[in-house]
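Report on the following structure.
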Amino acid sequence: MTKRQDWRFRRLWAVGLITSLLFVGCGNEQPSPPEAPAPATQPPADHGGHEAAPEQKETAPPMAVPSGTDMVTISPQRLQEIGVKFEEATRRPLDKVIRTVGLVVIDERRQARVNIKFSGWIDQLLVSATGDHVKKGQILFTIYSPDLVATQREYLLALQAKKELGGSSYPEVAQGAVELLEDVKRRFQLWDITEDHIRDLERTGQVLRTLPIHSPITGTVIKREALAGAYVEPGTELYIIADLSHIWILGDIYEYELPSIRLGQEAKVTLSYDPATVLTARVTFIYPTLDPKTRTAKVRFELDNPGEKLKPEMYANVEVRIPLGNRLVVPQGAVLATGTRNILFVDRGQGRLEPRDVQIGVTAEGYYEIQKGLAPGERVVASAAFLIDSESQLRSALGMMGMPGMEMDKKSPAPTPSAPEQKPEQGKPGMNMPGM
């Protein structure tokens, strides 16, 4: 027999053997019966001889809901465990407090810039440092100007002409002499040469080489550009002087707080590093524009600055207290704000709590104003109201599991037992074939 014929013979023999074994297994061997399920425990027979009700999972919710109401009942022990506190709704004086941090700035109406209206050279510098305090009329520096010298001479000549021609029999001549003197004097005034220097020129009759420039206000030098010997032209800014005895504070107020701000309101100003300093300011201006990024508007507070304790660019705490009168209020923790409803729990005694919708007003000093839905003297849950709400919703859900049609724990009929999966038995003759 060839190798090819031998291989075909072995293959046919193996296929026939497997087929015969399958027929034998299907016809003679019976599967072992599955273990019978344990009989379900039957409910005890009713003593009255009635048929027993189907078994349900018994749930005893610790919250009782009387029919026809939304009353919530929680045991006093449970209320104590979750830290519930009660407080009466009362009428009390309510103040709305608006706090902000303001920036100290210079009062724009109390600044002066010193410059000249003619060209010349600074001769003597009398106020030479930033921060120097000056008084109104104090000499800042003296200046030499050829235009000033020439104008002084013209004034003396016009003054002499008025004396000689003022009594002329020709009215035109007398009038011309007076007008010439007035024109030269007006030029001095336009150059900010004070009257006392003009009187000194009339009294002495001598032309001065330099003339002084005076401070226009009392204040502090916050900028100085003047230098001795420097040449200056018309319009050159030489000093900036500011009166710091009265200052501004600019505070940012949120747009939702702006309706409460009024002109003339008082504000308390304090410093974080000096709590002992308390100053009183007033609202003098509400700026007409809003910052689109911070949603705030600038509000100007003005106040006196004794001893110049507040410096420009410092920060100060500003507090505006607005009396709102007597209002019916409850603590903020008593109200559950859901976005569309405002709910609080009213104490009905013996652990019974009544959820009630209310209409709230302003919020101030840790209280909500109650405009509608609550009467003075009623006790409400002042804290942990959200825990009561969460617990009541949870228990309501658990209670619904015991309602008809909501039984989640009924016994389902026992499934039909299926034949156990047969595993190939080891050790049967003919199963271990060479080459398989």
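The values are calculated or read from the model by the stated rules, or taken from the named source; none is laboratory data. These numbers were taken from a predicted model, which means no experiment stands behind them. Neighbour counts run over all protein chains shown; Cβ positions are idealised from the backbone, glycine included. Heavy atoms of the whole protein, side chains included, go into the accessibility calculation; ligands, DNA and RNA do not. Shrake-Rupley method; radii C 1.70, N 1.55, O 1.52, S 1.80 Å.
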Scan of region 195-215 for residues that are in contact (Cβ under 8 Å) with a residue 40 or more places away in the chain and either of a type in the set (Val, Ile, Thr) or touching a Ser or Thr at 6+ places or on another chain (Cβ under 6 Å) (or both), ordered by number: 198, 207, 210, 212, 213
Yes/no for residue 173 being open to solvent by less than 70 Å² (accessible area, probe 1.4 Å), of a type outside the set (Gly, Ala, Ser) and in contact with a Gly (Cβ under 7 Å, 6 or more places away or on another chain): no
Count - residues of region 209-224 that are surrounded by 13 or more Cβ atoms within 10 Å (Cβ to Cβ) and either over 12 Å from residue 113 (Cβ atoms) or among the hydrophobic types (A, V, I, L, M, F, W, C) (or both): 10
Odd one out for residue 206 among (1) over 60 Å from the mean Cα position of the chain (by Cα); (2) surrounded by 16 or more Cβ atoms within 10 Å (Cβ to Cβ); (3) within 30 Å of residue 128 (Cα to Cα): (2)
Residue among 190, 181, 227 that alone is touching a residue at least 24 places away in the same chain (Cβ under 8 Å), surrounded by fewer than 14 Cβ atoms within 10 Å (Cβ to Cβ) and farther than 20 Å from residue 123 by Cα: 190
Answer from 253, 240 - the residue that is at pLDDT 95 or above and over 30 Å from residue 95 (Cβ atoms): 240
Strands (runs of 3 or more DSSP E) wholly inside region 80-160 that include at least 1 residues being closer than 30 Å to residue 283 by Cα and open to solvent by less than 50 Å² (accessible area, probe 1.4 Å): 90-106, 111-115
Region 278-312 - residue that is on the phi > 0 side of the Ramachandran plot and without any contact (Cβ under 8 Å) to a residue 60 or more places away in the chain and, of those, least open to solvent (accessible area, probe 1.4 Å): 307
Enumeration of residues in region 358-382 that are hydrophobic (A, V, I, L, M, F, W, C), outside any strand (DSSP E or B) and either within 17 Å of residue 260 (Cβ to Cβ) or out of contact with any strand residue (DSSP E or B) (no Cβ under 8 Å at 6 or more places or on another chain) (or both): 375
Extreme residue, surrounded by the most Cβ atoms within 10 Å (Cβ to Cβ), among residues of region 314-331 that are within 30 Å of residue 278 (Cβ to Cβ) and β-branched (Val, Ile, Thr): 329
Some residue of region 398-410 being in a loop (DSSP other than H, G, I, E, B), under 32 Å from the mean Cα position of the chain (by Cα), modelled with pLDDT of 50 or more and not β-branched (Val, Ile, Thr): no
Single residue of region 73-102 satisfying the filter (within 16 Å of residue 383 (Cα to Cα) and of a type in the set (A, V, I, L, M)) that is modelled with the highest pLDDT: 89
Residue within region 265-276 that is free of Cβ contacts under 8 Å to residues at least 40 places away in the same chain, acidic (Asp, Glu) and surrounded by fewer than 19 Cβ atoms within 10 Å (Cβ to Cβ) present: yes
Test for residue 269: is it at pLDDT 95 or above and closer than 18 Å to residue 97 by Cβ: yes
Residues (open to solvent by less than 20 Å² (accessible area, probe 1.4 Å) and out of contact with any helix residue (DSSP H, G or I) (no Cβ under 9 Å at 6 or more places or on another chain)) located in region 332-347: 346
